[in-house]
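Asks: Pasting a structure here, questions to come.
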Amino acid sequence: MSRPPAAAPVFTRVIADIDLESEGRSVGALRVPHSHNESAWGTVAIPIVVVRNGDGPTLLLTAGTHGDEYEGQIAMCDLARTLRPQEVRGRVIMIPALHMPACLAGTRLSPIDGRDINRSFPGDVGGTFAQVLAHYLTHVLLPQVDVNIDVHSGGRSLDCLPSTMSHILDDLDVMRRTVALARAFGAPFHVMNREVDGSRTFQATAEGMGIISMSSELGGANRVQLAGVEIARRGLRNAMIHLGMMDGALVPGAVPTRPMVIPTSRDYGFSPAAGIYCPSVLLGARVSAGDRLGAIYRIEDPVSEPVALHASRDGMVWCQRGQGRIAAGDSAAVVVSDWVDGR
Ligand code: CA
């Protein structure tokens, strides 16, 4: 009997200290090399928990892709601590603090190489810490995965109404399947978008490989928002039920998930000036094109009129600046509109 040739093993510099194929619960680390003056053979350990029970889909769950986004890190630690093999069909791979150096620092970017890992995909095995880790995800983990959920929040700079997220794709069937997953997850909104600089993200990489891929924005504003934590705790288990990986009934949210869109990467409400951003409306406000969303106060010139930011289209204010100071070009306020299936 001839066997098909095995795929050449992918060269990675990341050391997995558990076998990701093992049955049952496996708790270990992905070790990313970090050689520095104090440590020749140093590594940064990124905890990974795998729960496997027989055949079935593989679900990859990640949080802490940005270190200042806390809700997902909390909810996924709860899941990683409690999920038992007998609850699951298939395999759940959980990485609650993916970009560990940034998570430990409580920052979006890594203090090791200054990179945003979510702008470092598909990665580079010869690159910096974030690029080496991104390369491992792209070339080792994602090829084993059927569905991935990367749990984000607004972090320090944004305050978002709790939502799941995905990109606007050419493949309408994939978008519908993602919306179905989002409805099961059960956040109040699912926002589909053409992201600013989205091509270098983890999610775009997974989408490009044909993987059903969902992200989220579950709060932010540089703190832990309980509503977002609770949505993630419920949503991660709901996702497994929806995927046929877990028995039980979906636990719905307070309201059905409403699919929304940010139609283009021009629609991110970029600030026209530097200063202090003062919103004119609350999150969730309905606005029409031309309505004032907020104003930038220039304290260097206290008698000048604040610089107004206006809505470019009709919709609902979904996201605002999460901290007071803003630079010209930062996203100040994002308006979303209802998604009409098929366009
Ligand atoms: Ca994020």
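Asks: Roughly how many debye, to the nearest 20, is the charge dipole of the chain about its Cα centre, given +1 on each Lys and Arg Cβ, -1 on each Asp and Glu Cβ, and no other charges? Don't jump to the answer; show the numbers that get you there.
Replies: Values: 31 positive and 35 negative charges, 72 e Å.
With Lys and Arg at +1 and Asp and Glu at -1, about 340 debye.
Asks: Beyond 24 Å, how much of the Cα-Cα pair distribution for the stretch 92-187 remains, as a whole percent?
Replies: Details: 1466 of 4560 pairs.
Result: 32 percent of Cα pairs exceed 24 Å.
Asks: Let me ask another. Could you work out the relative contact order of the stretch 74-122, using alpha carbon pairs under 8 angstrom and six or more residues apart, expressed as a whole percent? Each step should come with its number before you reach the end.
Replies: Details: 23 pairs, mean separation 11.5, N = 49.
Relative contact order here is 23 percent.
Asks: Okay, next question. Under 1.5 on a/c is rounded, so check that first for the stretch 169-255, then, if it is not, pick prolate when a/b is larger than b/c and oblate when it is not; a ≥ b ≥ c are the square roots of the alpha carbon gyration tensor eigenvalues. Walk me through the numbers on the way to the answer.
Replies: Numbers: a/c = 2.03, a/b = 1.18, b/c = 1.72.
Oblate, since a/c reaches 1.5 and b/c is not below a/b.
Asks: Angle check, please: helix 172-185 long axis (alpha carbons) against the longest principal axis of the chain (alpha carbons), in degrees 0 to 90, nearest 10.
Replies: 90 degrees
Asks: Please give the length that would be gained between Asp124 and Asp78 if that part of the chain were fully extended, namely 0.36 nm times their separation in residues minus their C-alpha to C-alpha distance (nm, one decimal). Display every interim value, and only then the final one.
Replies: Working: separation 46, 0.36 × 46 = 16.56 nm, distance 3.18 nm.
The span from Asp124 to Asp78 would gain 13.4 nm if fully extended.
Asks: Can you list residues whose amide H is under 5 Å from Ser312's amide H, if they're 5+ apart or on another chain and H is modeled 1.01 Å from N?
Replies: Gly290
Asks: If you don't mind, there's one more thing I want to ask. Using a Förster distance of 41 angstrom, determine the FRET efficiency expected from the C-beta separation of Cys278 and Ala105, and round it to 0.05.
Replies: Numbers: r = 29 Å, r/R0 = 0.71.
It comes out at approximately 0.90.
Asks: Rg/Rh for the chain to two decimals, with Rh computed the Kirkwood way over all alpha-carbon pairs.
Replies: Details: Rg = 20.7 Å, Rh = 20.9 Å.
With Rh from the inverse mean 1/r over Cα pairs, Rg/Rh is 0.99.
Asks: Within the set of other residues whose C-beta is less than 15 Å from the C-beta of Thr164, count the net charge using Lys and Arg as +1 and Asp and Glu as -1.
Replies: Details: positive: Arg176, Arg177, Arg183, Arg233, Arg234, Arg237, Arg258; negative: Glu69, Glu71, Asp150, Glu195, Glu207, Glu217, Glu230.
Around Thr164, the charge tally is 0.
Asks: What is the sum of charges around His135, taking Lys and Arg as +1, Asp and Glu as -1, for the other residues whose C-beta is under 15 Å from the C-beta of His135? Intermediate values should be presented prior to the final figure.
Replies: Details: positive: Arg13, Arg31, Arg115, Arg119, Arg200; negative: Asp113, Asp124.
With Lys, Arg at +1 and Asp, Glu at -1, the neighbours total +3.
Asks: With the Cα gyration tensor of the stretch 149-214 giving a ≥ b ≥ c as the square roots of its eigenvalues, does the rule (a/c under 1.5 for rounded; else a/b larger than b/c for prolate; else oblate) give rounded, prolate or oblate?
Replies: oblate
Asks: Under unit Cβ charges (Lys, Arg +1; Asp, Glu -1), what dipole magnitude, rounded to 20 debye, does the stretch 18-69 have relative to its Cα centre? Display every interim value, and only then the final one.
Replies: Details: 3 positive and 7 negative charges, 18 e Å.
Around 80 debye, computed over the stretch 18-69.
Asks: Of Phe129, Phe11, which has the most accessible area with a 1.4 Å probe, and how do the rest follow in descending order?
Replies: Ranking Phe129, Phe11 by accessible area, largest first, yields Phe11, Phe129.
Asks: Might you list the cysteines of the chain that have no disulfide-compatible partner by the rule of another cysteine's Cβ under 4.7 Å?
Replies: Cys77, Cys103, Cys278
Asks: How long are the semi-axes of the equivalent ellipsoid of the stretch 1-153, taking √(5λ) for every eigenvalue λ of the Cα gyration tensor, in whole Å from largest down?
Replies: Numbers: eigenvalues 126, 85, 38 Å².
Computed over the stretch 1-153, the values are 25, 21, 14 Å.
Asks: In debye, nearest 20: dipole of the stretch 2-90 around its Cα centre with unit charges on the Cβ of K, R (+) and D, E (-)? List each step's numbers first, then the result.
Replies: Working: 8 positive and 11 negative charges, 68 e Å.
In debye, rounded to 20, the stretch 2-90 gives about 320.
Asks: Further question: Using Cα pairs under 8 angstrom and six or more residues apart, how large is the relative contact order of the chain, in percent?
Replies: Details: 857 pairs, mean separation 51.4, N = 343.
The value is 15 percent.
Asks: All other residues with a Cβ under 15 Å from the Cβ of Ala45 taken together, and with Lys, Arg as +1 and Asp, Glu as -1, what is their net charge? Intermediate results must be reported in sequence, preceding the final value.
Replies: Values: positive: Arg13, Arg31; negative: Asp17.
It works out to a net charge of +1.
Asks: Mind checking which of Ala75, Val125, Thr107 is farthest towards the positive end of the stretch 1-126's charge dipole, using Cβ charges of +1 (Lys, Arg) and -1 (Asp, Glu) about the Cα centre?
Replies: Value: Val125.
Asks: Oh, and also: On a 1.4 Å probe surface of the protein chains, which of Asp78, Asp314 comes out largest in accessible area, and what is the full order? Before the final figure, lay out each step's value.
Replies: On the way: Asp78 35, Asp314 95 Å².
Listed by decreasing accessible area, they come as Asp314, Asp78.
Asks: Considering the convex hull of the alpha carbon atoms of the stretch 259-307, report its projected area averaged over all viewing directions, in nm², one decimal.
Replies: Values: hull surface 17.4 nm².
Taking the Cα atoms of the stretch 259-307, their convex hull projects to 4.3 nm² on average.
Asks: Nearest 0.05, what FRET efficiency do Asp338 and Arg31 give at R0 = 41 Å with Cβ-Cβ as r?
Replies: Values: r = 45 Å, r/R0 = 1.11.
It comes out at approximately 0.35.
Asks: Out of residues 5 or more away from Gly42 or on other chains, whose amide H comes under 5 Å of its own, with H placed 1.01 Å from N in the peptide plane?
Replies: HN-HN under 5 Å from Gly42: His34, His36.
Asks: At 10 °C and 1.306 mPa s, grab the translational diffusion coefficient of the stretch 215-282 from Stokes-Einstein with a Kirkwood Rh over Cα pairs, rounded to a whole number in µm² per second. Walk me through the numbers before you get to the answer.
Replies: On the way: Rh = 15.5 Å.
The diffusion coefficient I find is 102 µm²/s.
Asks: Which residues does a label at Glu87 reach in the stretch 221-260, if reach means a backbone N under 16 Å from a point 7 Å past the Cα toward the Cβ?
Replies: 230-252, by backbone N distance to the label point.
Asks: May I ask you to compute the full-extension gain from Ser312 to Arg177, defined as 0.36 nm times their residue separation minus their alpha-carbon distance, rounded to one decimal in nm? Intermediate values should be presented prior to the final figure.
Replies: Numbers: separation 135, 0.36 × 135 = 48.60 nm, distance 2.98 nm.
Gain in length upon complete extension: 45.6 nm.
Asks: Grab the DSSP H runs of the chain that are 4 residues or longer, score each as -39,500 (n - 2.57), total them, divide by all residues and round the 222 nm result to the nearest 500 deg cm²/dmol.
Replies: Working: 6 runs with 64 residues, N = 343.
Helices in the chain give a 222 nm mean residue ellipticity of -5500 deg cm²/dmol.
Asks: Would you mind classifying the stretch 73-113 by shape? Square roots of the alpha carbon gyration tensor eigenvalues, ordered a ≥ b ≥ c; an a/c under 1.5 is rounded, otherwise it is prolate if a/b is larger than b/c and oblate if not. Please report the intermediate quantities before stating the final value.
Replies: Values: a/c = 5.04, a/b = 2.73, b/c = 1.84.
Cα axes put the stretch 73-113 in the prolate bin.
Asks: Of the peptides 37-50, 327-340, 299-312, how do they stack up when ordered by the mean number of other Cβ atoms within 10 Å, highest first? It would help to have the intermediate numbers written out before the result.
Replies: Details: 37-50: 14.7, 327-340: 17.4, 299-312: 12.8.
Descending packing order for the listed peptides: 327-340, 37-50, 299-312.
Asks: Toward the positive end of the charge dipole of the chain, about the Cα centre and with charges on Cβ (Lys, Arg +1; Asp, Glu -1), which of Pro143, Ser22, Ala285 goes farthest?
Replies: Sorting the options by dipole projection puts first Ser22.
Asks: May I ask for the angle, rounded to the nearest 10°, between helix 71-82 and the longest principal axis of the chain, with both axes built from Cα atoms and the value confined to 0 to 90°?
Replies: 30 degrees
The values are calculated or read from the model by the stated rules, or taken from the named source; none is laboratory data. The model shown is predicted, which means the values in this text are computed figures rather than measured ones. For neighbour counting, all protein chains shown are included, and Cβ atoms are generated from backbone atoms with ideal geometry for every residue, glycine included. SASA here: full protein model, heavy atoms, side chains in, ligands and nucleic acids out. Shrake-Rupley method; radii C 1.70, N 1.55, O 1.52, S 1.80 Å.
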